[in-house]
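What follows is calculated from the coordinates using simple rules that are stated; it is not laboratory data. Since we're looking at a predicted model, the values are computed, not measured. Because the Cβ atoms are built from the backbone with ideal geometry, glycine has one as well, and the counts that use them run over all protein chains shown.
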2 protein chains.
Amino acid sequence: MFRLVLDAMGGDYAPLQIVRGGILALKEFPEIFLYFVGDEEKIKPILDREASSLKGRYEIVHAPEEVAMNESPSRVLKKRNSSLYVGAKLVREGKADALVSAGNTGAVLAVGKFIIGAIEELERPSIGVAFPNPKGKTVLLDVGANVDVKPRHLVQFAVIGHTYAEEILGIKNPRVGILSIGEEEGKGNELVKETYPLLKETKLNFVGNAEGRDIFNGNFDVIVCDGFVGNVVLKASESLGFAILRMIKEEVSRSFWAKLGALLMKPALMALKRKADFAEYGGIPLLGAKAPVMITHGRANAKAIRNAIKAAMDFYDHHFNDVLRENLKNLAGEVLNKTKNGNSNNS
Amino acid sequence: MFRLVLDAMGGDYAPLQIVRGGILALKEFPEIFLYFVGDEEKIKPILDREASSLKGRYEIVHAPEEVAMNESPSRVLKKRNSSLYVGAKLVREGKADALVSAGNTGAVLAVGKFIIGAIEELERPSIGVAFPNPKGKTVLLDVGANVDVKPRHLVQFAVIGHTYAEEILGIKNPRVGILSIGEEEGKGNELVKETYPLLKETKLNFVGNAEGRDIFNGNFDVIVCDGFVGNVVLKASESLGFAILRMIKEEVSRSFWAKLGALLMKPALMALKRKADFAEYGGIPLLGAKAPVMITHGRANAKAIRNAIKAAMDFYDHHFNDVLRENLKNLAGEVLNKTKNGNSNNS
């Protein structure tokens, strides 16, 4: 049985849409058990009303403290009766196998990093995003969990990304790159220049420097970067996508024929939107945590939550962490051993 | 008279489209004089054929050596008979007032930085891009001229961006931000944390941290970052735009009605493409160089070259560098003085 913690209080549409997402998942996947963590007074009526047939397959864990969407991660770690904290503790204590939350990303990250923690072979977990490209997907990581990183962390991210691409996305022998500002070895900032030779030494399918354009053109399957650059790119890309759609709408509204055209194109545009929509994928995984942690969009609805639960199941079913451990040893063990004692800066 | 060097050999469609762009500008703007720099054997026949009425308003300067699109900047600086090198020298010697090139960006940058050079008040020139947003434009800089920078350089970029926004884009009292990964002061990497208080001390309209999304949503007029992050964002954004268009095309091709819809929407989509197209703006300026340097896209056609020449004229007509000097003194003089002697890291 797969036991999952659902943070019932996180997200713009909590608790109703979150709880409904959990109910969807319970109905669809008979092998799961859910902990609905949050304010019992608010959660119980929904479950009593809409999930009477599912008794015994879930448990409500009361956690009354609230975490605001803009609360700082350090404050969140002190709110021991919040749904996020209580939920993460259930995972840490081995009572649950995964965590899904639509709460404040920084807060989910904080409990993922500091309460659940990374597997012992890693110093840090990492957030990876699978960007759509015309040929498939490209995983970019880290996109925000780790701001100031050392070369050895980027090597770990590369193995994490490789494992994600191969196990979850089904990309065999993924092409791995490091984000830089020119194709040739030697281009980039200090971090890139120091990491490049280390990646070359690993047994990964390391292709070399990737440029910004390579995130969306399908030339790489995995691209590593520090969490500062990755986060900026992630937010800029989401925002650019919205801006383009808004500008299309504006231009379209100026002409009757264009409006008619937009109407006819709607199914195609919706298909595209689905391709680009995080809700379809179930959010962003915190990779390398001791148990799967899925961070969904704050705007997540029931369907997005169902998808996030499904995504967490995928990680569990693929024994993601076992494979990751093997890969860390087999693909980059030597490099990681060599750089272990703070020597990561002088490779 | 405004005397401009046109690098006739740079770009995918050189020399024909480049020379034709120069001819367009000569016909439209009676106050300019052009140096067509490049292989005389190739340039002269075009001019003889298509610009016989313009004699006396241009000069061909022979520069036979070729610079390949992928040639390293350090090699370019040794090619003293290349059009780029010869052209930059004309500017340095005061014989010309500006330079336009569609050549290899790294090469144009190299001659801009090392042959033309920055005005004496600046350590480094910077490349700024004016991204379109639904409300207007947002200037992001640096996008590639400077990879590893210090806080004081970001302060200089902020003043450069302010001046560009106010003088060239006509945005009064532009809102200036620093690119980071969270809104609150204290969020970001070391560089951001050190630069934030310096920017607060200037007399710029400093609004605080900007996030990736703010590049495209119109909340900021100027956003500064190091050239590594900026270059990644620039290339990722261009590429994402292309990917979205490609995916729209693909989705559309699956249905007759969608195809018809796309046809009806075409004028609206073209208007949008124009909005986002560098060719319309005349390329990317190297800001803070002793004379205006415009770097146009490698795919620049005659119209793009004409626009780049017009853009260089704008800088010249607005006495951009004089205003920039004033602004550096009046808006950030104290901060820049204070951080002058290598103390830029301990603000």
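Some points to look at:
- Positive dipole terminus of chain A, leading residue within A:Gly177, A:Leu245, A:Leu328 (C-beta point charges): A:Leu245
- Förster-model FRET efficiency, 30 Å R0, A:Arg254 and B:Lys303, C-beta, rounded to 0.05: 0.80
- Positive-end extreme of charge dipole, the protein assembly as shown - chosen from B:Ala14, A:Tyr164, A:Gly106 (charges on Cβ): B:Ala14
- Relative contact order for chain A, counting Cα pairs under 8 Å that sit 6 or more residues apart, in percent: 22
- Dipole magnitude of the protein assembly as shown about its Cα centre (Cβ charges: Lys, Arg +1; Asp, Glu -1), debye to nearest 20: 1200
- Relative contact order (%) - criterion: Cα under 8 Å, at least six apart; region: segment A:2-116: 33
- Residue exposure sequence - B:Glu167, B:Glu211 - by fewest surrounding Cβ within 10 Å: B:Glu167, B:Glu211
- Cα centre as origin, Lys/Arg/Asp/Glu Cβ charges: segment B:128-274 dipole, Debye: 780
- Approximate shape of segment A:2-116 as ellipsoid semi-axes (Cα gyration tensor, √5λ), whole Å, largest first: 23, 15, 11
- Calculated diffusion of the protein assembly as shown, Stokes-Einstein form, Kirkwood radius summed over Cα pairs, 4 °C and 1.567 mPa s, µm²/s: 48
- Here the dipole of chain A is about 660 debye; that uses its Cα centre as origin and unit charges on the Cβ of Lys and Arg (positive) and Asp and Glu (negative).
- Over 27 Å between alpha carbons, listed pairs A:Lys172/A:Lys329; A:Lys172/A:Lys266; B:Lys89/B:Lys200; B:Lys150/B:Lys310; A:Lys172/A:Lys303; B:Lys135/B:Lys259: A:Lys172/A:Lys266; B:Lys89/B:Lys200; B:Lys150/B:Lys310; A:Lys172/A:Lys303; B:Lys135/B:Lys259
- Mean-position separation - Cα centroids, segment B:139-210 and segment B:217-258, in angstrom: 23
- Residues B:His162, B:His318, A:His319, arranged from fewest to most other Cβ atoms within 10 angstrom of their Cβ, appear as A:His319, B:His318, B:His162.
- From helices alone, the protein assembly as shown scores -14000 deg cm²/dmol at 222 nm; the rule is -39500 (n - 2.57) for each run of n ≥ 4 DSSP H residues, then divide by the residue total.
- Peptide B:180-190, shielding by other chains (average Cβ, 10 Å cutoff): 4
- Spin-label model, B:Lys42/B:Glu185: points 7 Å from Cα along the beta carbon direction are separated by 5.5 nm.
- Peptide A:243-255 has a mean of 6 when you count, residue by residue, the C-beta atoms of other protein chains within 10 Å of its C-beta.
- Here's the picture: charge each Lys and Arg Cβ at +1 and each Asp and Glu Cβ at -1 in chain B, and of B:Asn209, B:Pro30, B:Asn341 the one pushed furthest to the positive end of that dipole is B:Pro30.
- Averaged over peptide A:224-234, the number of partner chain Cβ atoms lying within 10 Å of each residue's Cβ comes to 6.
- Taking every alpha-carbon pair in chain A and binning the separations at 10 Å intervals from zero gives 6, 25, 30, 23, 12, 3, 0 percent.
- Amide H contacts for B:Arg3 (H built 1.01 Å from N in the peptide plane; partners 5 or more residues away or on another chain; cut-off under 5 Å): B:Phe33, B:Asp97.
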